[in-house]
Amino acid sequence: MKQWIVFEGGEGSGKTTLMAVLKRELEERGFDVLCTREPGGVPIAEDIRAIILDPKNTELDPIAEALLFAAARRQHLVEKVLPALKKGQMVLMDRFVDSSLAYQGYARGIGVEDVRQINEFAIQGHRPDMVFLLDLDPQSGLERINANRNRLNRLDLEKVKFHEKVREGYLSLAKHHASMKVLDAKKSVEELVKEVLEELLP
Ligand code: TYD
């Protein structure tokens, strides 16, 4: 059984909405489901994340940023995800290592392999059973965000070009990973839920 599922995608790709509906659907089928996202209410990881997203930290070095994401990831993993898996819960997770590979490694250009290595150190071999990539063109994604909230964080403000690279990075990761499935984020939530459930529940 697939127990640990990660959702990846660019800004406004609809991960949060899809995960909320999936959680309900899975619970109706009797699964005990934990929905979480880094930093996921783990105070130490929240503090690390606050440094990364603070608009005033314009001098944050890209490698330092990648290390901070990996540190927050580690803390969330050991404090929340691994205990949930151990209890037998199904874990639906909003973003994981592939976010760092696409954003820091590929789009920010510090190198996918280097970012993979620091993340390997952070996760120590723990890997999700499956990753769903919600693929969407950045223009549509950013439009969705602007319609839904009035405050953009520092990373949202990066140019559309950057988000195009993020997308490219994700798609190239998906090409090389059998456990990463690409979904068309323009489809309706109902349709996406159906596709995911077909993968998860044989
Ligand atoms: P998040 O708050 O999860 O935003 P979203 O609702 O878009 O998922 O993430 C904030 C930003 O951090 C988002 O632009 C993606 C970026 N990010 C990275 O660059 N690297 C990472 O490893 C992670 C987890 C997120």
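Table for the structure above
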{"read-out": "Where a residue in the stretch 48-67 is open to solvent by less than 80 Å² (accessible area, probe 1.4 Å) and its partner, wherever it lies, is within 13 Å of the ligand (Cβ to nearest atom) and of a type in the set (Gly, Ala, Ser), with Cβ under 7 Å and at least six apart", "value": "48/71; 48/72; 49/72; 66/100"}
{"read-out": "Every residue from the stretch 1-14 that is among the small types (Gly, Ala, Ser), out of contact with any Lys or Arg (no Cβ under 6 Å at 6 or more places or on another chain) and surrounded by 22 or more Cβ atoms within 10 Å (Cβ to Cβ)", "value": "13"}
{"read-out": "Residue in the stretch 15-39 that is farthest from residue 73 (Cα to Cα), counting only those that are within 10 Å of the ligand (Cβ to nearest atom) and open to solvent by less than 50 Å² (accessible area, probe 1.4 Å)", "value": "15"}
{"read-out": "Selection count where residues are closer than 16 Å to residue 141 by Cα and among the charged types (D, E, K, R), scope the stretch 160-202", "value": "8"}
{"read-out": "Qualifying residue in the stretch 78-88 (condition: β-branched (Val, Ile, Thr) and either open to solvent by 40 Å² or more (accessible area, probe 1.4 Å) or more than 30 Å from residue 31 (Cα to Cα) (or both))", "value": "yes"}
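Yes or no, residue by residue, for (1) touching a Ser or Thr at 6+ places or on another chain (Cβ under 8 Å); (2) of a type in the set (A, V, I, L, M):
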residue: 3; (1), (2): no, no
residue: 8; (1), (2): yes, no
residue: 31; (1), (2): no, no
residue: 44; (1), (2): no, yes
residue: 50; (1), (2): no, yes
residue: 69; (1), (2): yes, no
residue: 75; (1), (2): no, no
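The values are calculated or read from the model by the stated rules, or taken from the named source; none is laboratory data. The structure presented is a predicted model; accordingly, all values stated were derived computationally and were not measured. In this analysis, Cβ positions are derived from the backbone assuming ideal geometry, glycine residues included, and neighbour counts consider all displayed protein chains. Remember, those area values only see protein heavy atoms, side chains included, never the ligands or the DNA or RNA. Shrake-Rupley method; radii C 1.70, N 1.55, O 1.52, S 1.80 Å.
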